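Working notes for the structure below.
Since every read-out is calculated from the coordinates, none of them should be taken as a lab result. All values reported here derive from a predicted model rather than from experimental measurement. Don't worry about glycine lacking a Cβ; one is built from the backbone with ideal geometry, like all the others, and counts go over all protein chains shown.
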Amino acid sequence: MKKNIALIGYGNWGKKVSQRIKENNNFNLKAIVSSKQNYNDIQTKFYKNINELFRNEHIDCIYIAVNPKTNFKILNLLKFKRIPMILEKPFCDNSADGKKMIRLINENQNKVFTNLPNIYADTYTITKEFMLKNFNKIEKIIIHEGSLGPQNDNIHPILDWGIHSLSYILCIFDGFKINNIKYKEIKKTKDNKFCVSKFDVKIENKIHIKILTGNFFKKKTRILKIILNNGKIFFNDFIKHEICQNNNLIFQSKKKPLENLLDIFADSLNHKNQNNGLNEINKSLDSIKIIEKFI
């Protein structure tokens, strides 16, 4: 049976999310909460605030596609409803609020997921298995992840973009010691709205990871390269959802990460799995703590 889901936020990304929800067989997009006035492009009920939504509709779960500060406000507002939800990344804009949000989630035993697309991509498991299997053979890991925009008025661009790569690494190397983290701004505009930065990370003082990320790239790029000490190269293209080894294509997926996230979320709601999203939330918070030290 389809779950009634409400979408909070209907900006550019919210419109894409609404399309993915409508294409998913597990959900019925019951309503949208948004302050925007032009609703002519979608046949769905709109409400101006969450209280109005819950007064008028039966809602099983929600997807929040707004800025991180609003995530905190909504989670706090709904803390007694125990309603399952998906929060857009980054799930918060500072670690202090993040700790409060996780405490609320734990106290109310909520199922709360955050949209970390690299982790919900079909390439994630293959990449993780390769890294762990070849841990003692890895010479270097390189991640380039960014674009020319978007420019978010609410958060620093490195928090917006860096959360992808850092959360990915923290999830893959869960339980390993992360140390010797260094940060350097490569280029930025005077108003700090656009920048590219580099993170240097060591895993167990052994594996060197170089992350180049931000919203000031010439064009969108999202790639991961693993170089082994025998010269072999593992290449993960996050945009094409492809994996190559030594220039040979070994895996390709046409399924978008958001599709996977919605399916996993639905399985959790239907008790087909025990995933409550908290591991990804915790790794996201750990990433925010790292970024906060430098920006």
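At a glance:
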read-out	value
Degrees between helix 157-172 axis and first principal axis of the chain (Cα, 0 to 90, nearest 10)	70
Those chymotrypsin sites (Phe, Trp or Tyr not before Pro) in the stretch 67-103 that DSSP places in a loop and that have at most 16 other beta carbons within 10 Å	80
Amide H within-cut-off set for residue 63, under 5 Å, with H built and near neighbours excluded	6, 7, 8, 86
Length-normalised contact order for the stretch 182-295 - Cα pairs under 8 Å, 6+ apart - percent	11
Over 19 Å [Cα-Cα, the stretch 87-153], rounded percent	57
For residue 142, net neighbour charge (Lys/Arg +1, Asp/Glu -1) across residues whose Cβ lies under 9 Å away	+3
Table column - 3J(HN,Hα) (Hz), the stretch 284-290, Karplus curve with 6.51, -1.76, 1.60, x for Gly and Pro	5, 5, 4, 5, 5, 4, 5
Exposed-loop-free span, longest in the chain, where GluC sites (Glu not before Pro) count as exposed if DSSP calls them loop and at most 15 other C-beta atoms lie within 10 Å	58-203
Label-reachable residues, the stretch 149-174, where backbone N falls under 15 Å from a point 7 Å from residue 193's Cα toward its Cβ	149-158
Radius 13 Å from Cβ of residue 249, net charge of other residues (Lys, Arg +1; Asp, Glu -1)	-1
Distance histogram for the stretch 234-287 (every C-alpha pair counted, 5 angstrom bins, percent rounded to whole numbers)	4, 16, 16, 15, 18, 18, 9, 3, 0
Positive minus negative residues near residue 220 (Lys, Arg vs Asp, Glu; Cβ under 13 Å)	+2
Nearest-0.05 FRET efficiency for residue 48 and residue 135, computed from C-beta distance (R0 45 Å)	0.30
For the stretch 81-209, alpha-carbon Rg over 2.2 N^0.38 Å	1.18
Lysines with Cα under 21 Å of residue 182, excluding same-chain neighbours fewer than 8 positions away	140, 198, 202, 206, 210, 225, 283, 289, 293
Unit charges at the beta carbon, dipole of the stretch 47-173: most positive-side option, 72, 138, 158	72
Trypsin sites (Lys or Arg not before Pro) restricted to DSSP loop in the stretch 194-225 with at most 13 other C-beta within 10 Å	206
Student exercise, the chain dipole from Lys, Arg, Asp, Glu Cβ charges, in Debye to nearest 20	380
For the stretch 168-295, radius of gyration divided by Kirkwood radius, i.e. Rg to Rh on alpha-carbons	0.99
Compactness of the stretch 1-102, expressed as Rg and Dmax over alpha-carbon positions, Å	13.3, 39
Candidates 238, 113, 130, ranked by Gaussian network fluctuation over the chain, Cα under 10 Å, top entry	130
